[in-house]
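In what follows, a single structure is set out as structure tokens and then discussed.
The values are calculated or read from the model by the stated rules, or taken from the named source; none is laboratory data. What you see is a predicted model, and the numbers here were worked out from it, not measured in a lab. Methodologically, a virtual Cβ is constructed for each residue, glycine included, from the backbone with ideal geometry; neighbour enumeration extends over all protein chains shown.
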Amino acid sequence: MAKPANYTSGEAAPPRLVFQAGPAQAGLRLDQALAALLPRESRSRLARLVAEGAVLVDGERARPRHRLRGGERLEVTLLPRPEEAAFRPEDIALDVVHEDDDVLVVAKPAGLVVHPGSGNWAGTLLNALLHRVPALRALPRAGIVHRLDKETSGLLVVARTEAAMQDLVRQLQARTVKRTYLAVARGAPPAEGVVDAPVGRHPTQRTRMAVVPGGKPAVTRYRVRERFPGHALLECELETGRTHQIRVHLASVGFALEGDPVYGPRGARRLPRQALHAWRLAFIHPGSGRRVAFEAPPPADFVALLAALRGA
């Protein structure tokens with residue numbers, strides 16, 4: 001098997017491997033040769049390196065199916081895996097509602113992922129927080145104690161110290177953090193109601209949540225603030241904080257959120273995302289011990305939806 005002729009790495013530059021294709025690689029496709037030369041790397045990572053131009057054959061980019069003759073110089077730059085870059089600071093604008101030595105309260109826009117994960121290893125709220133407050137690197141999840149779905153807008157509290165993080169986590173467990181959402185639901189729900197139903201992974205569609213026996217206890221309270229033809233503006237309060245809780249609970253009782261691409265009905269939507277906004281947030285301040293409350297007005301697309309429904 002061909003052996004690396006050179007290996008270079010530096011603080012700023014990713015490692016670069018140089019191979020001389022030998023008789024064993026003659027006649028192989030480039031992707032096959034790379035899999036043999038770098039057996040510890042996954043096929044998907046090698047394919048990504050080729051697609052991003054990090055693999056050169058005699059100094060030129062080549063396609064994965066390029067056939068080797070033998071004797072070519074192969075240069076492979078081992079670009080970082082996406083997850084390796086997940087916890088890096090990024091200069092992303094933040095709408096900071098409140099900031100002190102203990103906490104940050106941020107109004108997250110729709111479309112921003114809160115925490116890096118599969119398919120979203122960069123460009124998240126966590127990356128933005130690390131840029132604004134580098135010291136958050138010392139805390140688990142950069143101080144993030146609760147989340148919002150990517151396409152849900154609104155308020156989040158972030159701890160700035162370990163003591164504040166432990167305090168806020170205890171409050172969430174004790175259900176003393178009050179989170180109030182605005183939601184536009186389809187249909188004509190009762191003036192007020194409570195959905196008390198366990199939420200867990202959908203039994204067959206693992207990317208979805210559902211009301212399922214054996215799921216985690218979940219309680220959502222709601223009341224109607226305003227009615228429109230075929231829709232209603234709801235004020236929802238969470239007693240628990242399960243993944244997709246409001247979306248799943250309201251859909252389970254026949255009042256799916258407008259625009260919800262996962263739990264709503266198929267067909268035309270008035271909003272390209274679920275009409276859900278984390279409007280108010282209240283908790284006991286970890287530093288002062290006093291109860292504090294914050295409010296973030298709904299974003300422009302949510303306001304426009306309400307205007308259109310009123311016009312209808």
- Task: Kindly indicate which of 269, 247 is modelled with pLDDT of 95 or more and basic (Lys, Arg).
- Result: 247
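Considering only region 266-311, how many residues are outside any loop (DSSP other than H, G, I, E, B) and out of contact with any helix residue (DSSP H, G or I) (no Cβ under 8 Å at 6 or more places or on another chain)?
Of region 266-311, the ones outside any loop (DSSP other than H, G, I, E, B) are 276-284, 291-295, 300-311.
Keeping just the survivors that are out of contact with any helix residue (DSSP H, G or I) (no Cβ under 8 Å at 6 or more places or on another chain) gives 278-282, 291-295, 300-311.
Residues in region 266-311 being outside any loop (DSSP other than H, G, I, E, B) and out of contact with any helix residue (DSSP H, G or I) (no Cβ under 8 Å at 6 or more places or on another chain): 22 in total.
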- Within region 109-166, residues assigned to a helix (DSSP H, G or I) and either in the same structural domain as residue 276 (by TED's automatic domain parsing) or buried (at least 21 other Cβ atoms within 10 Å of the Cβ) (or both) come out as 125, 126, 127, 129, 136, 142, 143, 164, 165
- Note on residue 77: of the conditions (1) surrounded by 13 or more Cβ atoms within 10 Å (Cβ to Cβ); (2) at pLDDT below 90; (3) among the hydroxyl-bearing types (Ser, Thr, Tyr), unmet is (2)
- Query: Identify, please: which residue in region 226-244 is farther than 13 Å from residue 192 by Cβ and within 24 Å of the chain's Cα centre (by Cα) and is, among those, modelled with the highest pLDDT?
  - Reply: 244
- Just one of (1) at positive phi; (2) buried (at least 20 other Cβ atoms within 10 Å of the Cβ) trips up residue 175, so point out which. (2)
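Listed residues 72, 60, 52, 41; which is in contact with a Leu (Cβ under 7 Å, 6 or more places away or on another chain) and either in the same structural domain as residue 19 (by TED's automatic domain parsing) or more than 14 Å from residue 17 (Cβ to Cβ) (or both)? Break it down stepwise before answering.
Details: 72 fails: in contact with a Leu (Cβ under 7 Å, 6 or more places away or on another chain); 60 fails: in contact with a Leu (Cβ under 7 Å, 6 or more places away or on another chain); 41 fails: in contact with a Leu (Cβ under 7 Å, 6 or more places away or on another chain).
Answer to the check: 52.
Residues checked against (1) in the same structural domain as residue 221 (by TED's automatic domain parsing); (2) farther than 24 Å from residue 112 by Cβ; (3) surrounded by 15 or more Cβ atoms within 10 Å (Cβ to Cβ):
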residue: 255; (1), (2), (3): yes, yes, yes
residue: 261; (1), (2), (3): yes, no, no
residue: 265; (1), (2), (3): yes, yes, no
residue: 273; (1), (2), (3): yes, no, yes
residue: 280; (1), (2), (3): yes, no, yes
residue: 283; (1), (2), (3): yes, no, yes
residue: 290; (1), (2), (3): yes, yes, no
residue: 304; (1), (2), (3): yes, no, no
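Condition test on residue 281, is it touching a residue at least 24 places away in the same chain (Cβ under 8 Å), within 19 Å of residue 177 (Cα to Cα) and in contact with a strand residue (DSSP E or B) (Cβ under 7 Å, 6 or more places away or on another chain)? Break it down stepwise before answering.
Values: touching a residue at least 24 places away in the same chain (Cβ under 8 Å): yes; within 19 Å of residue 177 (Cα to Cα): yes; in contact with a strand residue (DSSP E or B) (Cβ under 7 Å, 6 or more places away or on another chain): yes.
Criteria met by residue 281.
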- Within region 89-121, track down each residue that is among the β-branched types (Val, Ile, Thr), under 30 Å from residue 289 (Cβ atoms) and without any contact (Cβ under 8 Å) to a residue 40 or more places away in the chain. 96
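If you take the residues of region 188-244 that are of a type in the set (Val, Ile, Thr) and either touching a helix residue (DSSP H, G or I) at 6+ places or on another chain (Cβ under 6 Å) or in the same structural domain as residue 146 (by TED's automatic domain parsing) (or both), which of them is surrounded by the fewest Cβ atoms within 10 Å (Cβ to Cβ)? Reasoning before the result, please.
Restricting attention to region 188-244, the residues satisfying the condition of being of a type in the set (Val, Ile, Thr) are 194-195, 199, 204, 207, 211-212, 219-220, 224, 240, 243.
Of the ones still in play, those that are also either touching a helix residue (DSSP H, G or I) at 6+ places or on another chain (Cβ under 6 Å) or in the same structural domain as residue 146 (by TED's automatic domain parsing) (or both) are 195, 199, 211, 220.
Values: 195: 21, 199: 23, 211: 17, 220: 27.
Of everything passing the filter in region 188-244, 211 is surrounded by the fewest Cβ atoms within 10 Å (Cβ to Cβ).
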- Test set (1) modelled with pLDDT of 95 or more; (2) under 15 Å from the mean Cα position of the chain (by Cα) - residue 141 fails condition number: (1)
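Is it the case that some residue within region 283-290 is under 14 Å from residue 149 (Cα atoms), modelled with pLDDT of 95 or more and among the aromatic types (Phe, Trp, Tyr)?
Filtering region 283-290 down to residues under 14 Å from residue 149 (Cα atoms) leaves none.
No, every residue in region 283-290 fails to be under 14 Å from residue 149 (Cα atoms), modelled with pLDDT of 95 or more and among the aromatic types (Phe, Trp, Tyr).
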- Could you grab the pairs with beta carbons closer than 6 Å, sequence gap of 6+ or different chains, first residue in region 170-192 and within 12 Å of residue 241 (Cα to Cα) and at pLDDT 95 or above, second one of a type in the set (S, T, N, Q) and not in a strand (DSSP E or B)? 177/171
- Task: Tally the residues that are part of a loop (DSSP other than H, G, I, E, B), under 28 Å from the mean Cα position of the chain (by Cα) and more than 13 Å from residue 75 (Cα to Cα), restricting the search to region 14-51.
- Result: 2
